[in-house]
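Trainee: The structure's right below; bear with me while I get my questions together.
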Amino acid sequence: MPKSYRSLLALGVASAGLIQVASADIITGQVTDASGEAPLQGAIVTIEELGRTAASDRYGDYRFTNIPAGDYTLSVSYIGADKVTSDVSLSGSATVNFTVGSDTRYMDNVLVVGSTAAQAGAINQQRASNAIISVIDSDGLGNFPDTTVADSLSRVPGLSIENDQGEGRYVSIRGLNTDLIASSINGVRTPSPEDRRGVLLDGVPSDLLDGIEVQKSLTPDVDADTLGGIINMKTISAFDRDGQFVRAKLEGAYNEITEEVSPKATLTYSNTFGDRLGVAVSANYQDRRIQAHNNETGGWGFNDDVGAIVPDDDYEMRWYDLTRERIGLVANIDFKASENTELYLRTLYNQYTDDEVRNKFEFRSLDEEDPTVTDNGFAFDYAEADAEVRQREEVRNIQTYALGGQTYAGAWQFDYEVSYAYAEEDDSNNHDVTFRSGDMEGDGILQFDLSDPKKPRLSGPGFDFLLDPSSYEMDAFEREYTTNEDTEWSGKLDISRDSVIGDIPVTWKGGVKLRDREKVRDQNLDVYEIDDVLMTDYIRPNAAISGWRMNNPMFNWPDAGLTYGLRSVVTADDLNEDDTNVETIAGDYTIDEQILALYGMGTFEIDNVTVVAGLRFEGTSVDSTGYIFAEEDDPSNVLTRNYSDDYQHILPSVNLKYSLSDNLFARAAYYGAVVRPAFGDMAPIALFNDDRDELEMGNPNLKPYEADNYDLSIEYYPTKLAVLSAGVFYKSIDNAIFPATYDISQLPAEVDLSFLPASYVANLEEVSTYINVDRSYVRGVEFNYVQGLGFINKSLDGFLLSGNLTLVESQARIPDEDDPRGTREVPLLKQNDVVWNVALAYDKGPWDLRVSANYRGDYLDELFGENIDRYTDGHLSVEASAKYEINDHVQVYIEGKNLTDEPEYYYHGSERRLSQYDEFGWTGVFGVRLTY
């Protein structure tokens, strides 16, 4: 360990010894529902005479220490239930258990009574927290038609999702993209199977979870690697319930386009053995069929000769036919080794297999000759196309394992854990074959009608020529063998102690954590070229796509099943060594990253104000390796680049919670954060074109994002099951990262080329890389409303209304050589400006009904240039569910996803300029849950 780290650790240990010694009289207990079997998290327990409060944890447990001997009245406040009190005479230690509310039944993933209980659980946890959080309670995951964690998170205030093939994949918090937020499973940072830090959440089935917490303001005892917040996914524990629990779930999903039923099954078992040992296991399997109908362009640009922005390269139509298989397993053990020590093992294994066939019809080189602008679009004098099929099996798996425990020693508490996390993306079972047509020239031979910009219509003799399969011969055959691996070991120790300074209860806490992470990308692509192979030998009769939704005919030719045989036909003599070398060498890298963290903090209860304040130190050490290569060069000439860096951050944070009354709270928070560059951005790799006048490179000199984050909010709980909250937030960000391209004469000093031999830069004219920009900001407002409607009239008993709205604005200034100032203003990449959702539920008797709508606004997706940047259009999703409880053990349900058949649309600068348009259809789900 570096000397500076040892000194900081010694300082932290010494500081922990300065806490005030006080008496150790203790009150403990558990809060459950009236059945005594369902623990309630987020209940606020108060010692009325002292004004001391404690919140119950996920097992319903609470704890007070340093309480003077005497007679006290304890009260429990839990939204959705009446207040409960109990008297206690304390001398040494006492146990006081509480039961509140009504009986709870077993259903779905966990203990629930439907939508009402889900909202009550979430509201209570949010109210009790000393940080700003949002919660999806465990049964909430079953009360929405959600397949994945990403879909479930779209319900949370300020969160939105980025879709892939109609399913939620990446999550944004308050408009900040997934690379700027963090994800954890049971507190263990989730690794990423891609070459970025953002984590795909479409592979993790929601059925495996007990709940999800989104922490939007940080305290010093959590990792500070997030600007937007932390998504923590909690898996099941046997002590979430009392005794044996078994649940089976069988489900089918019918999609409008595939016209097929996709199966899904979940089995959950948990049991407690005595009061000391608990075992919980949950297994999930899903095999989902998806089809997507797509068309897109390669980009748009300003044409000086025409005097207009025109299609810049190509127009494509794509048909996706894929199966997504998800296999998930959770196995958790809890052991109460003694009255004061609890140990646990938390494991999660998830495998996601994306088995895809994609046919692409690409009209190439539209900019070969200047087009003519027409009333409805453009006319082109050139026609050439590629017909391509890709058959790919992408296998991703995410695993997390955590072994740890908690020990109490009077007023002291020790928390300890070692964990291992692993993610892999394996793209080694695929092939891609492209057949290319001849070309056809003539005045206006290809008409491009944009009357409907989302679905262009092609016509003309050039189009007819390209619809003839005999026009095509093989251009290339490719095999890929690429893997991404992300491995992290971590260990941590947290020590806390309750004390009293005067009349002020204080909990001191400090700790240390070490994270050791390795990211490895091994990219391999073999490119083959075979002469005189005709596409007509690789198509089947009646190859037109049935039910095709775009405005031009589409075919599944060439056929993936027939081209599969080419895998055994190609030989080393067919290998295009130059293209293969580029794709195999240039993308490889290894990055080792170590983070040592130390922190100290105090939680102060000063009358009606709770203050959590402290500092966190994070020291980062990075060692990376990549390659320098030029197109058409000999692999023996490849250069290896090694890069090392060290940097440190001291990050303060303060969270304030002010109880203005029993049902009115104000909050304020500040925290410093640091987000390290994406692995692909910082990889020390460099690729020259064959003339060595253009260079594409990663930038290991990138500084991490640094941010000061501010929050103010107010929460009002007017009735038994209601919350009305509003908040504002502001984030001042230094060193935001953007892609940039420079002429060599304008290359800024922070783009370092000194690692290159002089001969490599002699002819260099253009460099594309990643850079840090000056200060950026994100600011916004957030509103949330949840209300049980029974208080209005008894006839509305059972109805529950919820809704939230987030409005966000961001700004950064990036280099732009076309602007007279040399820069231009843009929002942060993938930052949503508007997010809202609304839901109406009815939960009474055997029925649990819900309809919901979720909207996210458009956002900047990729930089191309002013007026032609790529944007993702706004998206509205409408979903509904109906559940009926036949008896205490059997529930049947139906659900609907994307009921309005909402497409995904992307555009270049203007909604009139197509970038990409996808349709997926609606999906209906039907199933049964058996619970014992």
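Trainee: Looking at the structure I just gave you, is Phe604 at pLDDT 95 or above, surrounded by fewer than 17 Cβ atoms within 10 Å (Cβ to Cβ) and among the aromatic types (Phe, Trp, Tyr)? Quick ask: steps written out before the conclusion?
Mentor: On the way: at pLDDT 95 or above: yes; surrounded by fewer than 17 Cβ atoms within 10 Å (Cβ to Cβ): yes; among the aromatic types (Phe, Trp, Tyr): yes.
Yes; evaluated as a whole, the condition is true for this residue.
Trainee: Got at least one residue in segment 179-194 being modelled with pLDDT under 85 and in contact with a strand residue (DSSP E or B) (Cβ under 6 Å, 6 or more places away or on another chain)?
Mentor: Within segment 179-194, the subset modelled with pLDDT under 85 is none.
No, there is no match, as no residue in segment 179-194 is modelled with pLDDT under 85 and in contact with a strand residue (DSSP E or B) (Cβ under 6 Å, 6 or more places away or on another chain).
Trainee: Further, regarding this structure: Of all residues in segment 635-677, which are β-branched (Val, Ile, Thr) and part of a strand (DSSP E or B)?
Mentor: Going through segment 635-677, the residues β-branched (Val, Ile, Thr) turn out to be 638, 640, 650, 654, 674-675.
Selection gives Thr640, Ile650, Val654, Val674, Val675.
Trainee: Something else about it: Could you please give the count of residues in segment 399-412 that are modelled with pLDDT of 95 or more and of a type in the set (A, V, I, L, M)?
Mentor: Here the count works out to 2.
Trainee: Among the residues of segment 367-378, count how many are in a strand (DSSP E or B), buried (at least 18 other Cβ atoms within 10 Å of the Cβ) and either touching a His at 6+ places or on another chain (Cβ under 6 Å) or not aromatic (Phe, Trp, Tyr) (or both). Steps first, please.
Mentor: Step one: of segment 367-378, the residues in a strand (DSSP E or B) are 372-373, 377-378.
Add one more test, that the residue is buried (at least 18 other Cβ atoms within 10 Å of the Cβ), and what stays is 377-378.
Those still in the list that are either touching a His at 6+ places or on another chain (Cβ under 6 Å) or not aromatic (Phe, Trp, Tyr) (or both) too: 377.
Qualifying residue count, segment 367-378: 1.
Trainee: May I pose another question? Pick from segment 775-813 the residues that are among the acidic types (Asp, Glu) and in a strand (DSSP E or B): which of them is nearest to Lys830 (Cα to Cα)? Steps first, please.
Mentor: Looking only at segment 775-813, we keep the residues that are among the acidic types (Asp, Glu), and these are 782, 797, 809.
Okay, now just the ones that are also in a strand (DSSP E or B), so 782, 809.
Working: Glu782: 18, Glu809: 12 Å.
That would be Glu809.
Trainee: Sticking with this structure for a sec: Counting just the residues of segment 577-613 that are outside any strand (DSSP E or B) and under 30 Å from Asn655 (Cβ atoms), which one comes out farthest from the chain's Cα centre (by Cα)? Before you say what the answer is, go through the steps one by one.
Mentor: We begin by selecting, within segment 577-613, every residue outside any strand (DSSP E or B); these are 577-588, 607-608.
Filter again for under 30 Å from Asn655 (Cβ atoms), leaving 607-608.
Numbers: Asp607: 39, Asn608: 36 Å.
Per the criteria, the residue is Asp607.
Trainee: Which pairs have Cβ atoms under 7 Å, sit 6 or more apart or on different chains, and link a residue in segment 804-833 that is under 30 Å from Ala853 (Cβ atoms) to one that is assigned to a loop (DSSP other than H, G, I, E, B) and modelled with pLDDT under 85?
Mentor: Filtered contacts from segment 804-833: Val808/Gly175; Ser810/Gly175; Gln831/Gly175; Asn832/Gly175; Asp833/Gly175.
Trainee: Considering (1) within 30 Å of Asp137 (Cα to Cα); (2) modelled with pLDDT under 95; (3) acidic (Asp, Glu), say which one Asp225 fails and leave the rest.
Mentor: (2)
Trainee: Name the strands (runs of 3 or more DSSP E) wholly within segment 182-288 that hold at least 3 residues that are among the aliphatic types (A, V, I, L, M)? Even if it seems obvious, please write down each step before you answer.
Mentor: Values: elements: 182-185, 209-215, 230-235, 245-255, 261-273.
Ranges flagged: 209-215, 230-235, 245-255, 261-273.
Trainee: Next up: When only residues in segment 406-463 that are under 30 Å from Glu919 (Cβ atoms) and β-branched (Val, Ile, Thr) count, which is surrounded by the most Cβ atoms within 10 Å (Cβ to Cβ)?
Mentor: Val433
Trainee: I've got another one for you. Which ones in segment 771-806 are crowded, with 18+ Cβ neighbours inside 10 Å, more than 18 Å from Ala122 (Cα to Cα), within 22 Å of the chain's Cα centre (by Cα) and not β-branched (Val, Ile, Thr)?
Mentor: Within segment 771-806, just Gly780 meets the criteria.
Trainee: Could you run through segment 395-405 and say how many residues are within 26 Å of the chain's Cα centre (by Cα) and surrounded by fewer than 20 Cβ atoms within 10 Å (Cβ to Cβ)?
Mentor: Residues that pass the stated criteria total 5.
Trainee: Out of the residues in segment 21-55 that are free of Cβ contacts under 8 Å to residues at least 60 places away in the same chain and of a type in the set (Ser, Thr, Tyr), state the one that is nearest to Ile133 (Cα to Cα).
Mentor: The selected residue is Thr46.
Trainee: Of these, Leu914, Leu828, which one is at pLDDT 95 or above and either assigned to a loop (DSSP other than H, G, I, E, B) or in contact with a strand residue (DSSP E or B) (Cβ under 6 Å, 6 or more places away or on another chain) (or both)?
Mentor: On the way: Leu828 fails: at pLDDT 95 or above.
Result: Leu914 is the single residue among Leu914, Leu828 that is at pLDDT 95 or above and either assigned to a loop (DSSP other than H, G, I, E, B) or in contact with a strand residue (DSSP E or B) (Cβ under 6 Å, 6 or more places away or on another chain) (or both).
Trainee: Taking the stated definitions as given, is Gly442 in the same structural domain as Glu518 (by TED's automatic domain parsing), outside any strand (DSSP E or B) and more than 35 Å from the chain's Cα centre (by Cα)?
Mentor: Working: in the same structural domain as Glu518 (by TED's automatic domain parsing): yes; outside any strand (DSSP E or B): no; more than 35 Å from the chain's Cα centre (by Cα): yes.
It is false that Gly442 is in the same structural domain as Glu518 (by TED's automatic domain parsing), outside any strand (DSSP E or B) and more than 35 Å from the chain's Cα centre (by Cα).
The values are calculated or read from the model by the stated rules, or taken from the named source; none is laboratory data. What you see is a predicted model, and the numbers here were worked out from it, not measured in a lab. No Cβ is skipped: glycine too gets one built from the backbone with ideal geometry, and neighbour counts run over all protein chains shown.
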